[in-house]
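Quick notes on the structure that follows.
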Amino acid sequence: MFRDDFVWGVASSSYQIEGSDPEDGMGKNVWDTFMEKGKMKDKGDAKVSCDHIHHYKEDYRLMNNLGIKAYRFSLSWARIIPNGVGEVNQKGIQLYRDMILEMKKNGITPYITLYHWELPQALEDCGGWLNEEIIEWFAEYARVVVENFGDLCDYFITINEPQCFVGIGYMQGAHAPGKTLPMKDIFQIAHNVLRAHGRAVINMRKYAGKKIYVGYAPTCGVAYPISDRPEDVEAARKVYFGFYQPDENWTWNVSWFSDPVFLGHYPEEGMKKYAEYLPKITQEDMDLIYQPLDFMGQNIYNGYYIQAGKDGNPEYANRPIGFPITASKWPITPECLYYGCKFIYERYHLPIFITENGLSCADNVALDGQVHDTNRIEFLDLYISQLQRAVDEGVDVRGYFLWTFCDNFEWEKGYTERFGIVWVDFQTQERIAKDSAYWYQKMMETNGANLSINHHPRTLLFFEPKLIKRVWGGNRLKKEWGFEGELEDHIGECWVVSSNEQVDCVVNRGFYKGKKLSELWNEEPDLFDHMEGDEFPLLVKLIDAKEDLSLQVHPDDAYAGLNENGSGKRECWYVLDCPEDATLAIGNKAQSLEEFSRLVSEGAWDQLINEVPIKKGDFIQIEPGTLHAIKAGFMLLEIQQNSDITYRIYDYDRVCEDTPRELNIEKGLQVMKVPNLITEEDIFHPVNTKNVIQRLIMTDHYQIWSLEVAAPLVLQNEWPFLIVSVVEGDGLVDGTQVSRGNHFIIPNGYKTCKIQGSMKLVITAPVI
Ligand code: NOJ
């Protein structure tokens, strides 16, 4: 669980939200020039954006209403010092002071980032980050910041994502200032950035006039293992801190931008690999960069799979096709928060703040006037759950800032991406809190109690069926019903819902994929309303009898408990198919147990066995103590107690693997009900009233309904769970296509289920 003082907040940056005012006295920055040069044709500019400078009061009110208590934002260097150095713009200072005071009035703790990519153009004109003088320019700006805001703020972050503005801005040219400089220059820039960071930290501590908490916010895609195998984890760690990326992408590197800051030296692997491009690096430089920091910020959005190859060396592994992505086409990889934090903490040992994490969605305002961004909720839930996993394992994470509060100007993508939990109409400046904002509010309020890691979701549970060989079985389950498996013939049964020792069905899709039913029963009791018992109480199978089954009887709970250390076996059959004019052996014609025994010993089966006429679609309840036999030609759905205790009375003298099948006449007689004459009246014939659910069977262990679906309907679940068997036709169940032979569990708490199509269902609930 997250610590009680865990900081939950939102993040933004000045250029992306503020907008500007001709009167505000600010200077130009590299992004203004980048757009003026037409580098972002038709994508808009940031002159107005969210017009935060005129809407900050309502924005902080909205934050307050949404329970947001921490806000990471950045300052515009050119708003404070229009030329980057020299004269300070008092209007800019006043604006930021007013903003911070307003935040505080709303109970919001400010976390200030000094540099979020918007270099004053005047400095770029003097060489920008390539000019070593920037170390002093930045340090001076840092001094002005703490001198003016140090009284109002305790938390400061020097630089946001150096990897990004150095790489995309100066090497690839897709961000401002849009340059494509040679490798040597890029290494020089990176070295200047790190030294500027160090110099700024010194000034901030010196001029703040009080204790302040200072951090730094680098980023990087996270190399994470394809499995939990130690070899894969080791391979991923190696890549995460290593130098595996191609040269044109080299700035996407963790250790180059973090080892000097947190360990006091550049990584050796990188020093060797890039020796020819490196600037002069002195011990003095390293001492400057290596300033004590209070925390490590990390912007983490996604990651990539790594596995250990056969030779043990790391390999990049492909994501399967159709892998989930966000609107920006970034992969959805929640594990990156777990492994990213874990790896980082192991190496740098500083408290971590996730300074950014979030996603862009193709949001829209629905006809009800709201923004239903379920994708964002799912994403955040999965990611923050993985963050909790890291925390639970001892990683010292202190805070999480969601990127971002309002939809805003997404750099070179303009307004085509929406990352906010608050929708912004850029024509009217109207704000609408999206569904995710409410979800995040709850998450913050409960410190993560509503996360799926703490509160597993309810989903329909589908299982992998298992075919079972029986001497009397046929091949219809495979040939006609399409079940797959190695068996070719003598397939007597297909176990579809079972947690029995013989077959423990495995969930085959969704959140619980790979879990056995017995594991769910033990580990997720919520799904079954915490029903008592060591094991899942019911068992469902399909039966194909090519030949007659033995004449048998089952004990009840009392007898089985005393004599077999198990539960009794009550069962119900639904007739999927049978020959015309068929009968089944159910009950017996003896008047007393003595007569029963005599008829058995004489082999007078005709006088003992009671035949009942049966039709397709009938339900037959077999109580414990009832003599019964399934006959050749029958296909049945069998719903029973989770037990396999059967006493065979007669098996037509069949042999199995050269020996006659074992009989248990003695025990059988002990549990046999006599007299027990079953008649046609004891058979249940559902009247096929379309879309009306009919309860047919009610026992001490289960109740069973039949439902013929002809038009869309909503099934209400008020039971510890329901087992649904599709016995005819096909249709849709909450988005999943189902057809004859499919079975699923509707767990407790999964309240309603939308069903449509043309199909017959048999629905079973346990009786407590
Ligand atoms: C990281 C950057 O810091 C932020 O400015 C940007 O909007 C987000 N990533 C999303 O791309």
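The values are calculated or read from the model by the stated rules, or taken from the named source; none is laboratory data. Here the structure is a predicted model, which means the values were calculated and not measured. Using ideal geometry, Cβ is built from the backbone for each residue, glycine included, and neighbour counts are taken over all protein chains shown. SASA here: full protein model, heavy atoms, side chains in, ligands and nucleic acids out. Shrake-Rupley method; radii C 1.70, N 1.55, O 1.52, S 1.80 Å.
Charged side chains reduced to their Cβ positions (Lys and Arg at +1, Asp and Glu at -1) give the range 7-445 a dipole of some 400 debye around its Cα centre. Take the Cα of residue 276, step 7 Å toward its Cβ, do the same at residue 449, and the gap between the two points is 6.1 nm. A Stokes-Einstein calculation at 4 °C with viscosity 1.567 mPa s, built on the Kirkwood radius of the range 578-703 over Cα pairs, returns a diffusion coefficient of 79 µm²/s. Computed over the alpha-carbon pairs of the range 126-249, the distance histogram in 10 Å steps reads 12, 33, 28, 21, 7, 0 percent, short to long.
In this label model, residue 655 and residue 524 are separated by 4.8 nm, measuring between points 7 Å along each Cα→Cβ vector. Treating each Cα of the range 26-141 as one equal point scatterer and applying the Debye formula with no solvent, the log10 of I(q)/I(0) at q = 0.13 Å⁻¹ comes out as -0.59. Of all alpha-carbon pairs in the range 461-682, indicate the percentage at a distance above 28 angstrom. Counting pairs separated by more than 28 Å, the tail of P(r) holds 33 percent. Dipole magnitude for the chain: about 1840 debye, using +1 per Lys or Arg Cβ and -1 per Asp or Glu Cβ, origin at the Cα centre.
Carbon-plus-sulfur accessible fraction, the chain (probe radius 1.4 Å, protein heavy atoms only): 48%.
In the chain, a dipole from Cβ-located charges (positive for Lys and Arg, negative for Asp and Glu) runs towards its positive end, and of 452, 200, 687 it is 200 whose Cα lies farthest in that direction. When the alpha-carbon atoms of the range 636-746 are used, the pair Rg, Dmax equals 19.2, 54 angstrom. For residue 760, give me every one of the aspartates and glutamates with a C-alpha distance below 12 angstrom, ignoring sequence neighbours fewer than eight places off in its own chain. Here the aspartates and glutamates satisfying the reach criterion relative to residue 760 are 708, 728, 730. Once the dipole of the chain is set up with Lys and Arg at +1 and Asp and Glu at -1 on Cβ about the Cα centre, which of 738, 120, 630 lies farthest towards its positive end? The listed residue farthest towards the positive side: 120.
Here r is the Cβ-Cβ distance between residue 329 and residue 269 and R0 is 22 Å; the resulting FRET efficiency, rounded to 0.05, is 0.10. Of the listed pairs 615/751; 434/516; 184/413; 69/238; 479/631, which have alpha-carbon separations greater than 31 Å here? Where the Cα-Cα span goes over 31 Å, the pairs concerned are 615/751; 434/516; 69/238. Computed from point charges on the beta carbon alone (+1 for Lys and Arg, -1 for Asp and Glu), the dipole magnitude for the range 176-247 about its Cα centre is near 760 Debye. Remark: the chain carries 41 Å² of accessible area per residue (probe radius 1.4 Å; ligands, DNA and RNA excluded). Any chance you could check the Cα centroid distance between the range 665-679 and the range 413-480 for me, in angstrom? When both Cα centres are located, 51 Å separates them. Projecting the Cα atoms of 647, 542, 560 onto the charge dipole of the range 461-682 (Cβ charges, centred on the Cα centre) puts 542 farthest toward the positive pole. Computed from the Kirkwood radius of its Cα pairs, the Stokes-Einstein diffusion coefficient for the range 7-445 at 10 °C and 1.306 mPa s stands at 72 µm²/s.
When both the range 709-768 and the range 550-573 are represented by their alpha-carbon centers, they are found 29 Å apart. Figure note: 439, 330, 521 ranked by solvent-accessible area, largest first, 1.4 Å probe, ligands and nucleic acids not counted: 330, 439, 521. Within the straight-line cut-off of under 19 Å between alpha carbons, the aspartates and glutamates reachable from residue 105 are 58, 59, 151, 154, sequence neighbours fewer than 8 places apart in one chain being disregarded. Considering every alpha-carbon pair of the range 694-766, the percent of pairs per 5 Å bin, from zero through the bin containing the longest distance, is 4, 17, 29, 29, 16, 5, 1.
Note on the range 669-732: the C-alpha convex hull projects to 6.8 nm² when averaged across all orientations.
Pairwise inverse Cα distances across the range 225-303, averaged and inverted, put the Kirkwood hydrodynamic radius at 14.3 Å. Diffusion coefficient (Stokes-Einstein, Kirkwood radius over C-alpha pairs, 37 °C, 0.692 mPa s) for the range 1-82: 224 µm²/s, rounded to a whole number. Convex hull volume of the C-alpha atoms in the range 464-537, normalised per residue: 102 Å³. Here the Debye sum runs over all C-alpha atoms of the chain as equal scatterers in vacuum, and log10 of I(q)/I(0) at q = 0.06, 0.07 Å⁻¹ comes out as -0.53, -0.65. Accessible area of residue 109 (1.4 Å probe, protein heavy atoms only, ligands and nucleic acids ignored): about 60 Å². Taking each of 569/754; 57/91; 616/673 in turn, the alpha-carbon distance tops 25 angstrom for 569/754; 616/673.
To the nearest 10, the accessible area of residue 523 is 100 Å² with a 1.4 Å probe. Suppose R0 equals 60 Å. What FRET efficiency, 1/(1 + (r/R0)^6) with r the Cβ-Cβ distance, do residue 244 and residue 716 give to the nearest 0.05? That pair, residue 244 with residue 716, gives E of 0.65. Considering the range 407-562 at the alpha-carbon level, its Rg and Dmax are found to be 25.5, 79 Å.
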